[in-house]
Ligand SMILES: Nc1ncnc2c1ncn2[C@@H]1O[C@H](COP(=O)(O)OP(=O)(O)O)[C@@H](O)[C@H]1O
Ligand SMILES: [Mg+2]
Ligand SMILES: [Zn+2]
Ligand SMILES: [Zn+2]
């Protein structure tokens, strides 16, 4: 990566100064250079610059303006959920002391991350729906890729399981599906504990992923809607009774998570409800009518 300071216009209205934007194609988010980078004085819009290394040799490197093709590929490779493409740490708000702590921890993880160094602790964000856990993890992956060229990957546990199941039905060995998850520098797995007709199998998969990453010395970011034992809040999916994360994933995996991760509580007001109420108030004000009660969340 180029050491030179970023040269893109910090006020660019399209990219906010990041030098890239996400474009959605076939339900996938692809990072593309922002047009403002064409005016980059370092790379003249080529995305690459010659820089001297420590020994004085000139080498071709990616430019810091956002046009660097390698960095764009890393951003596309994150596979961020489409709703979260523009979520950053800068727009995350601390509506509660727990959220303030979670934000600080997320920021620290990004700031202290040294690519290739190993030894970073895994993080487990624990909180009821709508408190911004997916927001935080997406923002962390995005910043790590954009600022430190870190190869990351976002996975929702439930969808990952179905990919793995597909792999098994195509006779993929566990090495073949596990390898890409082991390889990425930072893996985020969202919605752990959500499940699952075949809990034992699902727990085994989770165990395999987190151990293989632990052994490789690479951190994993995890999030769950289920509380740690002793928490003052509860969560139950529709038609289920409330359980703790320990009950969901079993005591063995829970103790492993406990040992490997820093548990971070993310409690606060449900922003999905807040956003929904704001939308209703806006729509109601716009057409002058009153809407009925809001539908139950799915
Ligand atoms: N503290 C926050 N500051 C800013 N936006 C938030 C915050 N918490 C949640 N949101 C927004 O509310 C919505 C739901 O958040 P999400 O990350 O999906 O919550 P969770 O994953 O905890 O269920 C998203 O649009 C997210 O950007
Ligand atoms: Mg979420
Ligand atoms: Zn721009
Ligand atoms: Zn440039």
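Every number here is computed from the coordinates shown, using simple stated rules; none is lab data. It should be emphasised that the depicted structure is a prediction, and the values quoted were computed from it without experimental measurement. A quick note on method: Cβ atoms are made from the backbone with ideal geometry, for glycine too, and the neighbour counts reach across all protein chains shown.
When the chain is modelled as a GNM with alpha-carbon springs shorter than 10 Å, which of 269, 128, 227 fluctuates the most?
269
Express as a percent, rounded to the nearest 5, the fraction of DSSP beta bridges in the chain (both residues included) that run antiparallel. Provide the component values of the computation, followed by the final result.
On the way: 11 of 28 bridges.
The answer is about 40 percent antiparallel.
Over the Cα atoms of the chain, what is the Rg over Rh ratio if Rh follows Kirkwood? Provide the component values of the computation, followed by the final result.
Numbers: Rg = 21.1 Å, Rh = 21.0 Å.
Ratio value, two decimals: 1.00.
Compute the Rg to Rh ratio over the stretch 20-77 from the alpha carbon atoms, using the Kirkwood formula for Rh, and round to two decimal places.
1.08
Cut-off 10 angstrom, C-alpha nodes, Gaussian network model of the chain. Which of 215, 171, 225 fluctuates the most?
Of the options given, 171 has the highest mean-square fluctuation.
At 222 nm, what value in deg cm²/dmol follows for the chain if DSSP H runs of at least 4 each add -39500 (n - 2.57) and the sum is divided by all its residues, to the nearest 500?
On the way: 9 runs with 114 residues, N = 298.
Helix contribution divided over all residues of the chain: -12000 deg cm²/dmol.
Out of 212, 110, 241, any idea which swings most in a Gaussian network model of the chain, alpha carbons joined below 10 Å?
241
What order do you get for 197-203, 245-251 when each peptide is scored by the mean count of other beta carbon atoms within 10 Å, highest first? Working shown, then result.
On the way: 197-203: 13.9, 245-251: 19.6.
Top to bottom by mean Cβ count within 10 Å: 245-251, 197-203.
Pop the C-beta distance of residue 168 and residue 32 into the FRET formula with R0 = 41 Å and round what comes out to the nearest 0.05. Kindly include the intermediate steps, with their values, before the conclusion.
Details: r = 35 Å, r/R0 = 0.86.
Plugging the Cβ-Cβ distance into 1/(1 + (r/R0)^6) gives 0.70.
Can you compute the radius of gyration and Dmax for the stretch 22-117, using only the Cα atoms, both in Å?
17.1, 51
If I model the stretch 94-141 as equal point scatterers sitting on the Cα atoms and use the Debye formula, what is log10 I(q)/I(0) at q = 0.14, 0.16, 0.32 Å⁻¹?
The Cα Debye sum returns log10 ratios of -0.36, -0.46, -1.40.
Would you mind pulling out the separation of the Cα centroids of the stretch 49-78 and the stretch 159-180, in Å?
The stretch 49-78 and the stretch 159-180 have Cα centres spaced 33 Å from each other.
Mind sorting 149, 76 by how few other Cβ atoms lie within 10 Å of their own Cβ, fewest first? Display every interim value, and only then the final one.
On the way: 149 16, 76 19.
With the sparsest Cβ surroundings first, the list reads 149, 76.
Could you sort the peptides 46-57, 80-91 by per-residue average Cβ neighbour count (10 Å cutoff), highest mean leading? Could you put the intermediate results ahead of the total?
Details: 46-57: 12.2, 80-91: 15.3.
Descending packing order for the listed peptides: 80-91, 46-57.
Once Rh for the stretch 137-286 is found with the Kirkwood sum over Cα pairs, what is the Stokes-Einstein diffusion coefficient at 4 °C and 1.567 mPa s, in µm²/s? Mind showing how you got there, number by number?
On the way: Rh = 17.2 Å.
Estimated via Stokes-Einstein, D reaches 75 µm²/s.
Expected output is a single nm value to one decimal: the length gained when fully extending between residue 179 and residue 88, i.e. 0.36 nm times separation in residues minus the C-alpha distance. What is it?
29.9 nm
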